[in-house]
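A short worksheet on the structure shown next.
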Amino acid sequence: MAKKILIVDDEQEILDLLTFNLRREGYETLAVADGEAALVQAHAARPDLIILDVMLPGKDGWEVLRCLRQDPATRSVPVVFLTARESEIDEVVGLELGADDYIIKPISMHKLLARIKLALRKANTPVESSTEILTFGAVAIDAANYSITIADQPVPFTKKEFEILLYLVRRPGRVISRETLLNELWGDEVVVIDRTIDVHIRKIREKLGDTEMHHIETIKGVGYRFITGT
């Protein structure tokens, strides 16, 4: 069955270009021009991937992504930002919110198609154990459902925050370099700056709280190590 891709951009020329090329590659496509319509279609059509512009009328791309990541029904759908905003801070913000990739216009169609294939492949890669639940202190990580509870209360994590924490928790006491996290969780075909990892780690720490029982230790100049007392 063809993978379904939702395209969200307020430029009709971009919508037409992407629709033509994606359909030629065998994808099924849906196209909308604003953030509200994107959220409606994301729920109604359940796309396999979303290509999302940042500068949209109504809800912008940042807000659309926040809504997608807060909703269990759309939390795990891969999102690729395609935008004219090229500053480093914009890329960090997008990835911090849970985007799977960030591509700057003008479009290189070959690059975009390669990134789409990579994002879909990673989304279809199952977690190591479909029934695995990891616990430490008051924290429980449900690997199958991409959910985390703290003291039995659900706490929202973005997809990448979840994947980083899960990767570290599965390797307690082991120093994991930033390069390893980037390659394992984003793939070496995606260009992501080191600072992106640091931003995600900061957010994870804020949500977990840093107690004597568990914390993520920074190994200066290298990466991170998860330490737990349980």
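Worth a mention:
- Neighbour counts of C-beta atoms inside 10 Å place Lys203, Lys105 in the sequence Lys105, Lys203, starting with the fewest.
- Potential extension, Ala140-Ser76 segment - 0.36 nm per residue separation minus Cα distance: 21.2 nm
- Extended-chain gain in nm, criterion 0.36 nm per residue less alpha-carbon gap, Ile150 and Asp16: 43.7 nm
- Here the calculated FRET efficiency for Met1 and Ile227, from their Cβ-Cβ distance with R0 = 41 Å, stands at 0.40, rounded to the nearest 0.05.
- When each of Lys122/Lys207; Lys160/Lys207; Lys3/Lys122; Lys160/Lys203; Lys4/Lys122; Lys3/Lys117 is checked by Cα-Cα distance, pairs over 19 Å: Lys122/Lys207
- Its DSSP H runs of at least 4 residues, each contributing -39,500 (n - 2.57), put the calculated 222 nm mean residue ellipticity of the chain at -12500 deg cm²/dmol, to the nearest 500.
- Taking a ≥ b ≥ c as the square roots of the eigenvalues of the alpha-carbon gyration tensor, the stretch 4-123 is classed rounded because a/c is under 1.5.
- Förster-model FRET efficiency, 41 Å R0, His215 and Ser87, C-beta, rounded to 0.05: 0.80
- Legend: calculated FRET efficiency, Arg121 to Val40, from the Cβ-Cβ distance at R0 = 35 Å, rounded to 0.05, equals 0.80.
- Of the GluC sites (Glu not before Pro) in the stretch 82-174, those whose Cβ has at most 16 other Cβ within 10 Å and which sit in DSSP loop: Glu86, Glu128, Glu132
- Restricting the calculation to alpha carbons of the chain gives Rg and Dmax of 18.0, 56 angstrom.
- Two-site label geometry, Met55 and Lys207: point separation in nm, points 7 Å out along Cα→Cβ: 3.1 nm
Bear in mind that the values in this text are calculations on the coordinates, not laboratory data. Owing to the predicted nature of the structure, the values given are computational and were not obtained by experimental measurement. Because the Cβ atoms are built from the backbone with ideal geometry, glycine has one as well, and the counts that use them run over all protein chains shown.
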